[in-house]
Amino acid sequence: MTSITQQTFGLILVALLFSSFQVSAQTTAIPDPYFESKLIQLGIDSDGLVNGQILNSDAAAATALVFNQDTIHSLEGIDAFVNLDTLRCSRIKEWLDDSLTISGYNSLTNVYIDNNPNLEYVDFSNNPMLSVISCAFNNSLEYADYSNNAVLESISCVSNTTLDSMDVSNNALLTVLNCENNDLKVFDVSRRV
């Protein structure tokens, strides 16, 4: 090969390598086929294939995810849905995750995580626009983090029979707090009184 041909070949090889990295960086893994099937059914996952991934552009275009009585094992990959304003996960069948992190969403205003018996821990922290949380009837829920949600106005955490502590001291705009039928031992409203 001549040196010009070798240089051309080298440039083509480098271009192919960069393009393959770019393609893989444009998707997010969705390892649960039930979660991905629901995203396809909702018209969110545009390729229509249960292939363990979603285009980041598809996830970013979604503003609401509503799951009600659906079979979902895991919400792994939900962090790609950066423009959500509403998330509803109610009565999820066969949910295998014992924790859920919903943190760092700049547009999220409403979250409803109700009637999910395996859920033990929920992190709702650091959602600057979050104003409403319903986290009720999660029989195994032991802890929920409501911190750093400056505009949070309403929390309903009714009948989480193992919930034993709650801190809403940093939620200055909180006007509705319904937390009956819990096993609360620590309940910090010190800055709210």
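The values are calculated or read from the model by the stated rules, or taken from the named source; none is laboratory data. Quick caveat, the model's predicted, so the values are computed rather than measured. For neighbour counting, all protein chains shown are included, and Cβ atoms are generated from backbone atoms with ideal geometry for every residue, glycine included. Remember, those area values only see protein heavy atoms, side chains included, never the ligands or the DNA or RNA. Shrake-Rupley method; radii C 1.70, N 1.55, O 1.52, S 1.80 Å.
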Report task. Return the long-range amide H neighbours of residue 123 (sequence gap of 5 or more, or a different chain), with a cut-off of under 5 Å between placed amide H atoms. Result -> 100, 101, 102, 145
Report summary line: Mean projected area, convex hull of alpha-carbon positions in the range 61-112, reported to one decimal in nm², is 3.4
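Net charge near residue 145: determine it from the other residues with C-beta under 12 Å of the C-beta of residue 145, scoring Lys and Arg +1 and Asp and Glu -1. Before the final figure, lay out each step's value.
On the way: positive: none; negative: 123, 142, 167.
After counting each charged neighbour, the total is -3.
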Requested in this report: Kindly write out, for the range 45-60 in residue order, the coupling ³J(HN,Hα) from the Karplus curve 6.51 cos²θ - 1.76 cosθ + 1.60 (θ = phi - 60°), rounded to whole Hz, with x marking Gly and Pro.
Outcome: 7, 6, 6, x, 10, 7, 10, x, 7, 9, 5, 4, 5, 5, 5, 5
**Report entry** Theoretical gain in end-to-end length, residue 42 to residue 66 [0.36 nm per residue, Cα-Cα removed]
**Finding:** 7.7 nm
Query - Inter-part distance where the range 62-76 and the range 133-163 are each reduced to a Cα centre, Å - result: 18
Query - residue 132 paired with residue 56, simple spin-label distance in nm, labels 7 Å along Cα-to-beta-carbon - result: 3.2
Query - Relative contact order %, the range 68-193, counting alpha carbon pairs below 8 Å whose residues are six or more apart - result: 17
Query raised in the report: What is the percent of Cα-Cα separations in the range 78-148 that go past 21 Å?
Result: 18
Query raised in the report: residue 72's amide H: which non-local residues (gap 5+, or another chain) put their own amide H closer than 5 Å, with H modeled 1.01 Å from N in plane and none for Pro or chain starts?
Result: 93, 95
Report task. Any chance you could look up the accessible area of residue 175 with a 1.4 Å probe, heavy atoms only, rounded to 10 Å²? Result -> 110
Query raised in the report: In what sequence, largest accessible area first, do 36, 153 appear using a 1.4 Å probe?
Result: 153, 36
Query - Sulfur and carbon atoms: percent of accessible area, the range 32-160 [1.4 Å] - result: 47
Requested in this report: Translational diffusion coefficient, Stokes-Einstein: compute it for the range 48-193 using the Kirkwood radius over C-alpha pairs as Rh, at 37 °C and 0.692 mPa s, and state it as an integer in µm² s⁻¹.
Outcome: 211
